[in-house]
Structure formats: structure tokens, C-alpha cells
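All remarks here apply to the structure that follows.
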Amino acid sequence: MWEQAKSPELRRYCDLVASALSKLAGTTIMAQTALEEARIADGLLPGHAAPRVLEGRALASLGRLGEAFTALSDAKAIDRHALDDAGSLLVWARVLARTGHPDQAWPAYRKLLPLAVALSSADRACAAIEAGLVAIALGPSAIDDAVAALRDGMRLAQDDAEAVAVLGLALALDRRGDVDEARALLADRVHGDPRAALATGRAKELTAVAQSERAALAAVAFEVTDMAGARMAWQEYLSAAPDGPWAGGVRLRLATVGAKRPAGRRSR
């Protein structure tokens, strides 16, 4: 209080930071107003990490991901712990994944998951699902982590997010070689065209962290009911990720799709 009394700018700065943070929390996000307040705070007392964190979070909510990446990177450069709270870390992981930095996104998600208890139940589910999808896209080295994250995501998720978690877990199990378990999960939990489940707004948000895997999610489900649909989806996957870690296995898979695959066969 004494420091604020001596420095009116500090008091105004603190009020702006608190106000911007409150506008980025809860179910109603006022991102544009938060962005303006964060930038005013930064102008009052330049060189602090908090306004840049809030600016980055607001920009991410507004869909301005490139600017969000710059702002959040600046915050980390000022203070390496600036993004260590669960809310900021979730935004940072998403921004990394959606701006083409998957190798950095996965460590951010991995750091986030033990802290996710501080998030809302919906955000906890989304964090686990997104982490699993990012891990799948990295290749065989992270597939066990993908299975674990997606199991947790499926347990936590509801409605549209649950469908993505089921498809993601089935794909991860299949790629790990647990084909029978993947097929059983799909037979029990997926009914109808998987593309419909992936076309909802929530599903598009979740799969945006690993867009090349969206076609693979549909393909693995189609293999249970529609081999022609599976072939088309796998071809779409190869168009999106021709040099990805799973591309070679998918090409082999396309050569034999339609034939019964032996139980337990690895599909990489």
C-alpha cells in the first residue's frame, strides 16, 4: 500500500492487471477489453511480464495466434516463470501447437497436466485431450504418453469433447499395437460417421493442435465399418502429413486396407 501511495502509476498498473485477468477468467471472456487494459498497463510500467502474459492470452482468445506467440514469448524472456500458472500454461501450449511448434508444445502440455487441477473441469478435459493429440503427432516415442493422456481425457470429457477423446484414444491404441482394444472401444463408443463428430466447433478447436491427425481419427474409425471411407481418410492424412512419423506405416496400410488385419499388429 505504501509503494502504491508513493507511485500512482503502480496503483493504476495493478488495477489494470487485475481487471484484465478477471476478464480472461470464467465462462464469459472479454478478450478485447482485456487486451486494451493489458497494453495500457504495459505502457504505464514497461518491462514487466504480467501485461505481456495477459496480452498474449487475450490475443489467443481473439484468434490472433501469431501475435499471441510473440507476446507470450516476450513474457517468458522477461520472467522464465511467467507462464507457470495453469491458465497461462494452457494458452501457451495451445499457441505453440497451433503455430507450428509441436516439439515445444508437448513439453508445455506435459508440464501442464499435473497442474490441471487448478483449471475448470471442461478445461482439464480439453488439456488432456489436446496433450494426447499432440503426443500422437510426434510419433512412436510419445505414444505411451498419448494413450495415458487420452484415457484421462475420455474420463473427464463430456459431449463433443468426449467423442474426440474416444477417437483419439482408439488411434493411439491402434498405433501402439493394441488393435483389439482399439476396435473394441470403437465398436462400443462410436456410432455413425466419425466425420460428424469431428465437424463440431468443439472438435475443431481440440484437433487444431494436431490438424494432420484429424483425418487419421476418422480413418481408424472407418476401418470398423467402411473400408472405402477408411481408404479415403488415410489418403487425406497422407496429403496432410506426407513426411510425418506415421506416413510410412499408413502407406503400407493403404496397400492392404480391406483385408483383415491380424490382432495385435502394429500399424505405424
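The values are calculated or read from the model by the stated rules, or taken from the named source; none is laboratory data. Not measured: the values here are computed from a predicted model. No Cβ is skipped: glycine too gets one built from the backbone with ideal geometry, and neighbour counts run over all protein chains shown. Calculation scope for accessible area: heavy atoms of the full protein, side chains included, ligands and nucleic acids excluded. Shrake-Rupley method; radii C 1.70, N 1.55, O 1.52, S 1.80 Å.
Would you work out what percent of the accessible area of the chain, with all protein chains in place, is carbon or sulfur (probe 1.4 Å)?
53 percent
Please calculate how many Å² of accessible area the stretch 68-159 carries per residue, with a 1.4 Å probe and no DNA, RNA or ligand atoms counted. Mind dumping the intermediate values first?
On the way: 3870 Å² over 92 residues.
Result: 42 Å² per residue.
Looking only at ARG124, ARG251, ARG94, which one moves most when the chain is put into a Gaussian network model with springs between Cα atoms under 10 Å?
ARG251
Considering only C-alpha atoms, what is the centroid distance from the stretch 184-200 to the stretch 74-152, in Å?
25 Å
Can you tell me the relative contact order of the stretch 25-169? Whole percent, Cα pairs under 8 Å, sequence separation 6 or more.
The normalised contact order for the stretch 25-169 reaches 14 percent.
Have a look at LEU198, LEU90, LEU171 and tell me which one the Gaussian network model of the chain (Cα, springs below 10 Å) gives the largest fluctuation.
In the Gaussian network model the winner is LEU198.
Could you work out the helix-only [θ] at 222 nm for the chain, with each DSSP H run of four or more residues adding -39,500 (n - 2.57) and the total divided by the number of residues, to the nearest 500 deg cm²/dmol?
Numbers: 16 runs with 195 residues, N = 268.
It lands at -22500 deg cm²/dmol.
Check the straight Cα-Cα distances from LYS23 and name the aspartates and glutamates below 15 Å, setting aside those fewer than 8 residues away within the same chain.
ASP15, GLU36, GLU37, GLU55
Could you identify which residue out of GLY43, GLY87, GLY244 has the top mean-square fluctuation in a GNM of the chain using Cα springs shorter than 10 Å?
GLY43
Can you send over the solvent-accessible area of GLU181, 1.4 Å probe, protein chains only, in Å² to the nearest 10?
Answer for GLU181: close to 80 Å² accessible.
Which one is right for this structure if P(r) over Cα pairs in 10 Å bins from 0, in percent is calculated from it: (i) 7, 27, 32, 19, 7, 5, 3, 1, 0; (ii) 7, 28, 29, 21, 12, 3, 0; (iii) 7, 29, 29, 18, 11, 5, 2, 0?
Of the labelled values, this structure produces (iii).
Roughly what would the spin-label model give for ARG110 and ALA196, points 7 Å off Cα along C-beta, in nm?
Between ARG110 and ALA196, the simple spin-label model gives 3.9 nm.
Can you pull the accessible area of HIS191 for me, 1.4 Å probe, Å² to the nearest 10?
Accessible area, nearest 10 Å²: 140 Å².
Want the number for LEU62 to VAL117: 0.36 nm per residue separation, take away the alpha-carbon distance, what's left? Walk me through the numbers before you get to the answer.
Numbers: separation 55, 0.36 × 55 = 19.80 nm, distance 2.52 nm.
Going from the current span to full extension adds 17.3 nm.
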